[in-house]
Amino acid sequence: MTEDSNLLHKLFEASNSSPPDLMNSPFGENLKSFMIPKGRVLVDVGQISKCLYFIDKGAMRTYYLRGSEDITSLLVSDGDIVCIAESFLLQQTSNEVLETLEDTSGISITYESYRKLIADDIKMAGLAVQLLEQHLINFTNRVKVFKYLSVEERIEHYIQQPSNLFRRIPDHYIATYLGTTPATFSRCLRKVLS
């Protein structure tokens, strides 16, 4: 799991509910359970990211297009949250795509409900700040990985992370996420694993 791995637990604590009771609480009225099959596009280029997804089990990615090639910009799985951040927070059209990589289940909240909750509930506002802070830290750490590590070191770093999706999803998604080609990823991976 990632640094966000206790996200759903934090959500339950902030709403003063246990996981089974959350959906029946006043807070839960703002949430919707989901089960989305593998390969489903939730937000496409030109659409607005209308929901924030809390992943209980499964995997998603965001990607952008460069010519005919898609470049993975984010990989998330069990315990993570995901949306197209700029599109969701500003309610503007997306330049990226959000899709499921596995059958994925969890809970979602719409933009309108999210804004109402953080305006009306101090605990939820505090949780939102914590999540934004954690995502900023995660982003900064990812920039450092790209700035200071070679491709081979990035691959080694990635597969050592407890949250990685290595061997759960196709290698070419991980390759573009790590800023390399599938061929280079495959070659470097053999070195790293030998």
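Here, each number is a calculation from the coordinates, and none is a lab measurement. In this text the structure is predicted, and so the values were computed from the model without any measurement. Heads up, the Cβs are rebuilt from the backbone with ideal geometry, glycines too, and the neighbour counts pull from every protein chain shown.
Worth pointing out:
- Exceedance of the 27 Å cut-off in Cα-Cα distance is limited, within the set K147/K191; K50/K147; K144/K191; K116/K147, to K50/K147; K116/K147.
- Taking all Cα pairs closer than 8 Å and separated by 6 or more residues, the relative contact order of the chain comes to 24 percent.
- Calculated mean residue ellipticity, 222 nm, the chain: -13000 deg cm²/dmol, from DSSP H runs (n ≥ 4) at -39500 (n - 2.57) each, averaged per residue and rounded to 500.
- Summary of packing: across the peptides 151-161, 136-146, 169-179, the per-residue average of other C-beta atoms within 10 Å ranks them, highest first, as 169-179, 151-161, 136-146.
- Residue with peak Gaussian network fluctuation, the chain [Cα springs, cutoff 10 Å], from D78, D44, D120: D120
- Where only C-alpha atoms are counted, convex hull volume of the chain per residue in Å³: 116 Å³
- Residue with peak Gaussian network fluctuation, the chain [Cα springs, cutoff 10 Å], from G39, G67, G79: G67
- Distant alpha-carbon pairs in segment 106-181 (separation over 20 angstrom), percent: 50 percent
- Gaussian network model of the chain, Cα within-10 Å springs - most flexible of L131, L165, L90: L90
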